[in-house]
Structure formats: C-alpha cells, structure tokens
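Visitor: Mind having a look at this structure? Questions to follow.
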Amino acid sequence: MVYCLVEKFCYLKKVEIIGQCLFSQSQLYEWIKGPQDRKSRAKKEVPEQTLKNAVHVIMKYPHLGGLKGKHYMIYHRLGLLSRHIYDTIKKIIRRLVFQEVVSRRLLPAGGKYEHQRPEAVGEIWAEDFTQVSISGYTLYISLVIDVADSFYLGAEVSIRPSDFLVSSPIKQALVHGKPPKRFLLSDNGRQYVSNKHELLLKAKDIAHKLIPSCRPEFNGTMECGVKEFKNVFYNLVCEKYIGADKEKDILKQVRKAVAETVTIMNMDIPRPHLKGVTPYDMHSGSHLDKIEENRLYCENEKERKDELIPKERFWGVIKDAIGFNSINDLELMTKFLFFGKRPLRKLSKFVKEGVG
C-alpha cells in the first residue's frame, strides 16, 4: 500500500506519506517487510524428580493452586516449577483420578425421579415462594397452584420466609376445595421440609413430594407461574397501589395487590396451552363453551369491514392511544424495563420511589 502511494505521489517523500496515514509506523513497516515466519516456541522441559515431587504435593494438598503450589515447592526445596506448569500437571492428575474413581465404581448410583404429569384438574398441586422489592422493602410472596391448569389456589405475603408464609396458601386452597388427589409438589427449601409443614400436610391428608435438588425443571409449572405472577404484579403495583396512599402500611398495599393479581391471573389472562381460555374457565368446567365462543368470534372478526387506517397514520393513532400525559414517571419507567431483556432482574435494581 505504501509503495502504491509513493508511485502515485512521486513528489512526496515516503516519510511524509507514512506520517499522514492512520496506521502506526510500526504496522506500516511490518507490511513493507512482508510476512515473516514465526519461530515456534521451544517446549519447556521439567526434571523428572521435580515432576514426581509436584505429583506428591498435589496429591497431598489438592486444594493448592498454581501460585501456592509453586511457593510450597520452593520453600521445601522440592524443585522450581512455573505456575502454568503446576496447573497443567494438576489438570492431568485430576483427570487420572477421575478415571480411576469411575473404573472402581466408587461413585454412588444416581437416584431415579419419575416426573409425573396431571391428567385432570385437582390431581397435583405445586407450591413455592418468591421475593419482591417495593419502595425499598423486601417482601415474600408464597403461592399454591393447580399444575393441570395453572390455577392460583392461594397466596400469602410476609416480611420474612416463615412457616406461616408457606402454610397460609394451603389453608386458603382447602377452604374452597378438596386436597390434591395425588400429591403436593415443592422444592427442598427449608420451609418445605420442616416438621411444622409436614404435620400440616398430614393433618390435611396431603401427600408431599419433593423434586430433586438443584433441578427446578421438575417443578417447571410453578417456576413459570411465579415468574408470570411477578410480571403482572409489578405492572399492577406501579399503576394503582404505590404512591396512591402513602399513609397506608406497605404490607397492606402489597396484600391487596397480590389478591388482585391472583384474580387477574385466574380470570382475565387466557393461556395458550389451555386452548385460549383462562384457568378459571378450565377449573369451573366451562372451557368448552368458551372455546366455541372464541371460534365464532374469530370468524366474525374476519368478516369485519371497518374504516381502515393508512400506515402513515399509525404513529399518531398509537401515540394518542397510549396517552403519555396520564402515565406517571414510575409507571412509564416500569413499562420501559419490561420492553427490554430480563425485566424482573432490572426491576429488582430499580430503587426509585416505587418499584424496586
């Protein structure tokens, strides 16, 4: 490239051309010289006795890293190894140890967990709790749902994850119905494996089943239900409750918001896996009639011929429909976060006057 410029601008010196380039002089001179063969790096050799000493140190103190192991060998006059070589030897030993353990069959056999799915409403319940941050306060919400139709059977709010927090939703669920026909599903949380919780379930004649540790997918309906609940809850809180009456206790406001959220989740938001009906429709047995009504509505909408809006007017119509003048700053910021990635995580870090 430099030679082409020199030929084109023969009245300029090569040094002046290089000085006007955006690239560094070292890079340009490298291009002028052309590609050069890179010399291969010589392999480092380790004395045999030093290698054996390093193996003994690693087997005696496997927790030592490369830096600590290096200084240990120097202090005890066992040889000199670099940190990188020490870590390389440790990786080889770790793999050999693992192979030996497997060949001797010393690892315990993995437990078998049968993932059962409900065939009808009322067979399997699931429970879990989560935490929410409101106006700088951290509160806990416990939920119990019917796995078959994601119907929220009970909910409770508390300032700490106590035994009352996990027992109250179950008592609420039993007020309006019978216990689950098969079992109640939960994780291995401290509140769910306590004696008080087990005594409550035995008194209500409820079989309890725990999922494998660190395997939340076995309780996936509950995990997704909690996430969906928090999405609706935060939108409802920022719109109605926080800032509406600051003299009221925050716990009372959150309990009221949780009760309204349960109503919305059960009776207002349809589920695609329920063929477009709400959990209440499925739970009450009116889902077949509602599905037929939805089908007839779709057919009527296809034949509808109202005044069409040209694409050029979309922005104005949409902006008027949103009505930014009636939205406060807190609600607007909350909606903004929900249009991005990981909204619940961002909301937990958002600690401005309302939702946290």
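Visitor: State yes or no: is Pro180 under 28 Å from Ala257 (Cα atoms) and in contact with a strand residue (DSSP E or B) (Cβ under 9 Å, 6 or more places away or on another chain)?
Guide: yes
Visitor: Next question, about the same structure. Taking only pairs six or more apart or across chains, which ones have beta-carbon atoms under 8 Å, a first residue in the range 248-260 that is in contact (Cβ under 8 Å) with a residue 12 or more places away in the chain, and a second residue that is assigned to a helix (DSSP H, G or I) and loosely packed, with under 12 Cβ neighbours inside 10 Å?
Guide: No pair meets every condition.
Visitor: Additional query: Would you tally the residues in the range 168-183 being surrounded by 21 or more Cβ atoms within 10 Å (Cβ to Cβ) and out of contact with any Ser or Thr (no Cβ under 6 Å at 6 or more places or on another chain)?
Guide: Matching residues across the range 168-183 total 3.
Visitor: Let me ask you something else. Do we find that Gln131 is of a type outside the set (D, E, K, R), loosely packed, with under 15 Cβ neighbours inside 10 Å, in contact with a strand residue (DSSP E or B) (Cβ under 7 Å, 6 or more places away or on another chain) and not assigned by TED's automatic domain parsing to the domain that holds Lys52 in this structure?
Guide: Judged against the criteria, Gln131 is a match.
Visitor: OK, next. Exactly one of these conditions fails for Glu156: (1) buried (at least 16 other Cβ atoms within 10 Å of the Cβ); (2) outside the structural domain of Lys230 (by TED's automatic domain parsing). Give me its number.
Guide: Unmet for Glu156, out of (1) buried (at least 16 other Cβ atoms within 10 Å of the Cβ); (2) outside the structural domain of Lys230 (by TED's automatic domain parsing): (2).
Visitor: Going through the range 45-82 one residue at a time, which ones are of a type in the set (A, V, I, L, M, F, W, C), assigned to a loop (DSSP other than H, G, I, E, B) and within 40 Å of the chain's Cα centre (by Cα)?
Guide: Correct list: Leu64 only.
Visitor: While we're on this one: Test each condition in (1) more than 23 Å from Ser162 (Cα to Cα); (2) at pLDDT 90 or above; (3) of a type in the set (Lys, Arg) for Lys209 and report the one that comes out false.
Guide: Single failed check for Lys209: (1).
Visitor: If you check Ile318, Ile264, Ile291, which single one turns out to be in a helix (DSSP H, G or I), in contact (Cβ under 8 Å) with a residue 12 or more places away in the chain and more than 30 Å from Ser135 (Cβ to Cβ)?
Guide: Only one candidate passes the filter, namely Ile291.
Visitor: Residues in the range 149-165: is at least one touching a strand residue (DSSP E or B) at 6+ places or on another chain (Cβ under 7 Å), among the hydroxyl-bearing types (Ser, Thr, Tyr), free of Cβ contacts under 8 Å to residues at least 24 places away in the same chain and within 22 Å of Leu200 (Cα to Cα)?
Guide: Within the range 149-165 (the criterion being touching a strand residue (DSSP E or B) at 6+ places or on another chain (Cβ under 7 Å), among the hydroxyl-bearing types (Ser, Thr, Tyr), free of Cβ contacts under 8 Å to residues at least 24 places away in the same chain and within 22 Å of Leu200 (Cα to Cα)), the answer is yes, since at least one residue qualifies.
Visitor: Is it the case, given these coordinates, that Ile309 is touching a helix residue (DSSP H, G or I) at 6+ places or on another chain (Cβ under 7 Å), over 30 Å from Tyr140 (Cβ atoms), surrounded by 10 or more Cβ atoms within 10 Å (Cβ to Cβ) and among the β-branched types (Val, Ile, Thr)?
Guide: Yes, satisfied.
Visitor: For the range 278-287, give me the residue count where each residue is surrounded by 10 or more Cβ atoms within 10 Å (Cβ to Cβ) and either among the β-branched types (Val, Ile, Thr) or out of contact with any strand residue (DSSP E or B) (no Cβ under 9 Å at 6 or more places or on another chain) (or both).
Guide: Of the residues in that region, 3 qualify.
Visitor: Can you name every one of the strands (runs of 3 or more DSSP E) wholly within the range 111-229 that holds 2 or more residues which are in contact with a Gly (Cβ under 9 Å, 6 or more places away or on another chain)?
Guide: 124-134, 137-146, 151-158
Visitor: Select from the range 184-208 the residues that are more than 24 Å from the chain's Cα centre (by Cα) and among the charged types (D, E, K, R) and list them in ascending order.
Guide: Answer for the range 184-208, where residues must be more than 24 Å from the chain's Cα centre (by Cα) and among the charged types (D, E, K, R): Lys196, Glu198, Lys202, Lys204, Asp205.
Visitor: I've got another one for you. Got at least one residue in the range 253-266 being surrounded by fewer than 11 Cβ atoms within 10 Å (Cβ to Cβ), assigned by TED's automatic domain parsing to the domain that holds Cys238 and either at pLDDT 85 or above or aliphatic (A, V, I, L, M) (or both)?
Guide: no
Visitor: Among the residues of the range 222-238, is there at least one that is in contact with a His (Cβ under 6 Å, 6 or more places away or on another chain), at pLDDT 90 or above and either assigned by TED's automatic domain parsing to the domain that holds Leu153 or at negative phi (or both)?
Guide: No - not one qualifying residue is present in the range 222-238.
Visitor: In the range 70-90, is there at least one residue being without any contact (Cβ under 8 Å) to a residue 60 or more places away in the chain, assigned by TED's automatic domain parsing to the domain that holds Gln172 and of a type in the set (Gly, Ala, Ser)?
Guide: No, the conditions are met nowhere in the range 70-90.
Visitor: Does the range 83-101 include one or more residues that are more than 24 Å from Ser168 (Cα to Cα), modelled with pLDDT under 90 and out of contact with any His (no Cβ under 6 Å at 6 or more places or on another chain)?
Guide: Looking through the range 83-101, none of the residues is more than 24 Å from Ser168 (Cα to Cα), modelled with pLDDT under 90 and out of contact with any His (no Cβ under 6 Å at 6 or more places or on another chain).
The values are calculated or read from the model by the stated rules, or taken from the named source; none is laboratory data. All values reported here derive from a predicted model rather than from experimental measurement. For neighbour counting, all protein chains shown are included, and Cβ atoms are generated from backbone atoms with ideal geometry for every residue, glycine included.
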